[in-house]
Structures are given as C-alpha cells and as structure tokens.
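The values are calculated or read from the model by the stated rules, or taken from the named source; none is laboratory data. What you see is a predicted model; the values in this text were computed from it and never measured. Virtual Cβ from ideal backbone geometry, glycine too; neighbours counted across all protein chains shown.
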Amino acid sequence: MQIRFRHSFAAIIQWFDADHAPGGAAAMRDEPDRVDWVRCIPFIILHLGCLGVLWTGWSPFAVAGAAILYFARMAVVTGAYHRYFSHKTYSTSRPFQFVLALLGGTTVQRGPLWWAYHHRHHHQHSDEEDDVHSPHVHGFLWSHVGWITSRRNFPTDYSKVRDLDRFPELVFLNRFDAVVPAAFALAIWCLGRFLQAHAPGLHTSGAQMLVWGFFISTTALFHGTSCINSMAHILGRRRYPTGDDSRNSLVLAVITLGEGWHNNHHRYQGAVRNGFYWWEVDITYYLLRCLSWTGLIWGLKPVPASVLAEGARLDHHGSVEAARTAEHVHPEYSSLKKIVPAAAAIAVATVNASHPVLSRRAEAPGILRDASSLSQGAGRDRAR
Ligand SMILES: [Zn+2]
Ligand SMILES: [Zn+2]
C-alpha cells in the first residue's frame, strides 16, 4: 500500500518533471509491465477532451483547423522526431534543431529524446521479446496504445541518445515535456477567443477551437502515429525479407505522410525517404526536400543504389511468383506467364536505366539493425 502511494505521488510529479524517478530510472525500466493509471491521467484527459464537442459544437473553420493541425504536426512527427532525432537522415544547425524540438513538443508525443530512444530500441529488437510495441509479441492493443501506459516505459534511457543529450536545450524540453503542449493548447484557445471577438462570421470560440484544434486533432495524431507501431507490422506487403514483420502500405503512408513504407524503412533506416520509388508517395520527403532549398537543413541522405536494385530484383521475383501462382489457380489464364514476367523484366530495365550508376556503385551496408551506432557516432555527426 505504501509503495503504491509512493508510486502515485511520483507519477504526479512526473506530469511536470518527466525525469523524476525516486528509485532510479534504470530500476523503473526493469520492472514488469504494469499500467500506471495516475501517470496516464493527462493522456486520458486528452481523449476525454474530445467529448467537449458535445458542448462546443462544430464550425467549418474549427474542423478545417483540426485537419490542418493534424497533417502539419504529422509532418513534424515524421520529419523531425523520426527522420531527424531518431535516425539523423539529414543535418541542420543547432538553432533549427531546437526549433524542430519545439515543434515536436506541439505533437504531445513527449520529448524528442524519449521518442528517439524508444524508436531506436524498436529497430534494435523489432518483433523480438524486447520490442515494447510489437503486435506479434504483445498483441495489437498493447502495441497500439498499451505500451505507453506502462510505468517501465516512461523514463528516457539517455545512454541510447548520447548524440542528443549533449544539448541542454533538448534535455530541458525532454525533461519538462508538458510545457510546450500546455503553451500550444493555450495559444489555440487564445486564437479561438480572438476570432470570436474579431471574426464572428467564422462562428467559432476559444472552447470550440481548443476541442477541435487541440483535443480532437492531437488524439487523432496519436492514433495515426501509433498505427505504424501496430498496423505497419501486420497490414500490407513485404518487399524486403527483413528479420521482422514490417510491411509497406499505401493507406498507412497516406495517413502518416510517408511512414507507411515501413518495410522499406526497416530494410534501410539511414535514408531521408521511406518511399523508395517514385510511385511510393512520401509527403514528408517532399516537404524535407523543399525545406532543404531554404538552407535550413542539408545533407539529405539517399537510399543506396544497391538497396534500390535489391528492391527491384525482389519485385521482379514477386511478379514471376504471382504469375506462377495464378497459372495454378486459374489455368485458363496461363498465357499470363508469357506476359507478366516480361512486364516485370521491362520494369526492372526501366529502373536500372533511370539509375545508370547502379553497376558502378559499391554495395551498400546491410540492414542497419544497430541504431545505437548513431549515438556512438555523435562526434562525427554533430549539429553545428
Ligand atoms: Zn517497425
Ligand atoms: Zn525508424
């Protein structure tokens, strides 16, 4: 009883200071999985806040605002938290790195170091026992939402993000991870109040904007992002035989602005794009490419030619296999066997023709399974 009271008291302090861990963060991480209901109260409030729509109603402006804030902040989750802080797939200055962390705070997905630590851990142990959000090990619901409610998953393991914890401003945002979300919610409420007073034709209010722009948009953003942890290891097609069950899905790529090409990403994590081919829509990559033209970011890392060639080869084999299977299932269409392999061969030749350097390039490294190398390579890849 006394321990439970101590845990609850610590959880309340952790709402404001995420690094508060009386028994030590390492000891917390070694505990068995157990939902920490007190620690989760802000997360529960986030969901319950959506019900505020019963009182505030809706307006076209508020709904459009929620949609814009969903996609804008999804671009931040994928472009900043995932492709910069977790994988360092491009470079930037120290001031703009801070801006990325600030924008990341508005997504209400905790601090950049916590996010990067958990994500790197996922790549190191994908779909193994230690993967805290594998749907194959822990079930769909736990992989989607359960894991973030577990007491052991709340602390940040700073030893896994040594390349990031050298920056005190990032550590501050990571430790006091409620500051930016609170300021963001307040700013949205103020915007609604301002529009209510100065643009009454929009029929919105502070409370209505808070419900749509913060609670509904942020809750949707959480579940959209979580689909990658849960659905992207269940739903879709596997191009690369990675050691996990990651998959590629157009639907998930649309919802998450490019993260749905998850099997590609598990094959090669060091690239700024997850959609490896022109037909794999990757909005985050297009936005980062545009941002690079401003000079705010640079050094966007491409997909190695050998990985692209491997993918084209695997797609070709896949087409041939599909034709053989179709021949058995529908012998009346057996003439397809003459057409489909030929079509696949033409596709491979086209890809090769558009990448004439393929044969001259050195082989790319294998699967970048150990994402902790980012941490060790901090000295080489530091933001200026
Ligand atoms: Zn994954
Ligand atoms: Zn990743």
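A few remarks follow.
- For region 96-105, the criterion of being in a helix (DSSP H, G or I), small (G, A, S) and closer than 25 Å to D244 by Cα is satisfied by no residue at all.
- Candidates A271, A305 - the one that is of a type outside the set (S, T, N, Q) and either within 16 Å of ligand 2 (Cβ to nearest atom) or closer than 15 Å to H87 by Cβ (or both): A271
- Looking across region 202-229, the residues that are surrounded by 23 or more Cβ atoms within 10 Å (Cβ to Cβ) and among the hydroxyl-bearing types (S, T, Y) come down to T204, S217, T218.
- Residues that are more than 20 Å from T78 (Cα to Cα) and out of contact with any helix residue (DSSP H, G or I) (no Cβ under 7 Å at 6 or more places or on another chain) within region 115-127 comprise just one, H125.
- Qualifying residue in region 250-258 (condition: within 14 Å of ligand 2 (Cβ to nearest atom), at pLDDT 95 or above, outside any helix (DSSP H, G or I) and over 27 Å from T106 (Cβ atoms)): no
- Filter result for L141 (under 23 Å from N263 (Cβ atoms), part of a helix (DSSP H, G or I) and assigned by TED's automatic domain parsing to the domain that holds A220): yes
- Against the test of being crowded, with 22+ Cβ neighbours inside 10 Å, among the hydrophobic types (A, V, I, L, M, F, W, C) and either in the same structural domain as S134 (by TED's automatic domain parsing) or more than 20 Å from D245 (Cβ to Cβ) (or both), the options L300, L296, L257 yield a single qualifying residue, L257.
- Verdict on Y158 being assigned by TED's automatic domain parsing to the domain that holds W58 and within 16 Å of ligand 2 (Cβ to nearest atom): no
- Counted residues, region 139-162 - those being crowded, with 19+ Cβ neighbours inside 10 Å, of a type in the set (F, W, Y) and either closer than 18 Å to H233 by Cα or free of Cβ contacts under 8 Å to residues at least 40 places away in the same chain (or both): 2
Residues are listed down the side, and each one gets a yes or a no for (1) of a type in the set (A, V, I, L, M); (2) under 20 Å from N248 (Cβ atoms); (3) in contact with a Ser or Thr (Cβ under 8 Å, 6 or more places away or on another chain):
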{"site": "T294", "(1), (2), (3)": "no, no, no"}
{"site": "W298", "(1), (2), (3)": "no, no, yes"}
{"site": "P302", "(1), (2), (3)": "no, yes, no"}
{"site": "A309", "(1), (2), (3)": "yes, yes, no"}
{"site": "D315", "(1), (2), (3)": "no, yes, no"}
{"site": "A322", "(1), (2), (3)": "yes, yes, no"}
{"site": "A326", "(1), (2), (3)": "yes, no, no"}
{"site": "V329", "(1), (2), (3)": "yes, no, no"}
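- Within region 86-138, being free of Cβ contacts under 8 Å to residues at least 12 places away in the same chain, away from ligand 1 (no atom under 16 Å from the Cβ) and of a type outside the set (A, V, I, L, M) holds for one residue alone: P95.
- Sole residue being in the same structural domain as S134 (by TED's automatic domain parsing), surrounded by 17 or more Cβ atoms within 10 Å (Cβ to Cβ), of a type in the set (A, V, I, L, M, F, W, C) and over 30 Å from H20 (Cα atoms), chosen from A199, A178, A185, A232: A232
- Cross-chain or 6+ apart pairs with Cβ under 8 Å, region 12-38 first and assigned by TED's automatic domain parsing to the domain that holds I148 and more than 21 Å from V132 (Cα to Cα), then modelled with pLDDT of 90 or more and among the polar types (S, T, N, Q): H20/Q14
- Residues (in contact with a Gly (Cβ under 8 Å, 6 or more places away or on another chain) and more than 16 Å from L100 (Cβ to Cβ)) located in region 166-178: R175
- Yes/no for S226 being of a type in the set (G, A, S) and within 16 Å of ligand 1 (Cβ to nearest atom): yes
- Only a single item in (1) over 20 Å from A220 (Cα atoms); (2) within 14 Å of ligand 2 (Cβ to nearest atom); (3) not hydroxyl-bearing (S, T, Y) is not met by H82, and it is number (1).
- Test: residue in region 192-205 that is within 16 Å of ligand 1 (Cβ to nearest atom) and either more than 15 Å from M74 (Cα to Cα) or among the hydroxyl-bearing types (S, T, Y) (or both): no
- R247 vs. criteria surrounded by fewer than 24 Cβ atoms within 10 Å (Cβ to Cβ) and free of Cβ contacts under 8 Å to residues at least 24 places away in the same chain: yes
- Meeting the requirement of 3 or more residues that are out of contact with any Phe, Trp or Tyr (no Cβ under 8 Å at 6 or more places or on another chain) and at pLDDT below 95, the helices (runs of 4 or more DSSP H) wholly within region 4-72 are 25-29.
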